[in-house]
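See structure below.
The values are calculated or read from the model by the stated rules, or taken from the named source; none is laboratory data. This structure is a prediction, so every number in the text was calculated from the model and none was measured. In this analysis, Cβ positions are derived from the backbone assuming ideal geometry, glycine residues included, and neighbour counts consider all displayed protein chains.
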Amino acid sequence: MSRVLLIKNANLYDPDPKGIRDILIVDEKVFSVAEHIDPPELSVPVEVVSADGKTVIPGYVDQHVHVLHGFLPCMRKCVML
């Protein structure tokens, strides 16, 4: 079963600023981007979310991650041996 998500009024960057846009996502893939998209009439439910002008950056991955923090207790234990 497909999952359909419509994000309304998102401040879109892709990677350049695109302004306020609606984003239609089908099965976790961007299907359409436009200034205005009406919820489609489909046989599956369409989840509509209002972004209220919040920033949306598709494909963005937060590079500021402290991976070692979870491993510090193990590292200290291993170093002490």
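When the range 24-43 is limited to residues that are at pLDDT 85 or above and part of a loop (DSSP other than H, G, I, E, B), the one that is nearest to SER2 (Cα to Cα) turns out to be ASP27.
Cβ separations smaller than 6 Å between residues 6+ apart or across chains give the following pairs from the range 22-39 residues that are more than 12 Å from SER50 (Cα to Cα) to residues that are modelled with pLDDT of 95 or more and among the basic types (Lys, Arg): VAL33/ARG21.
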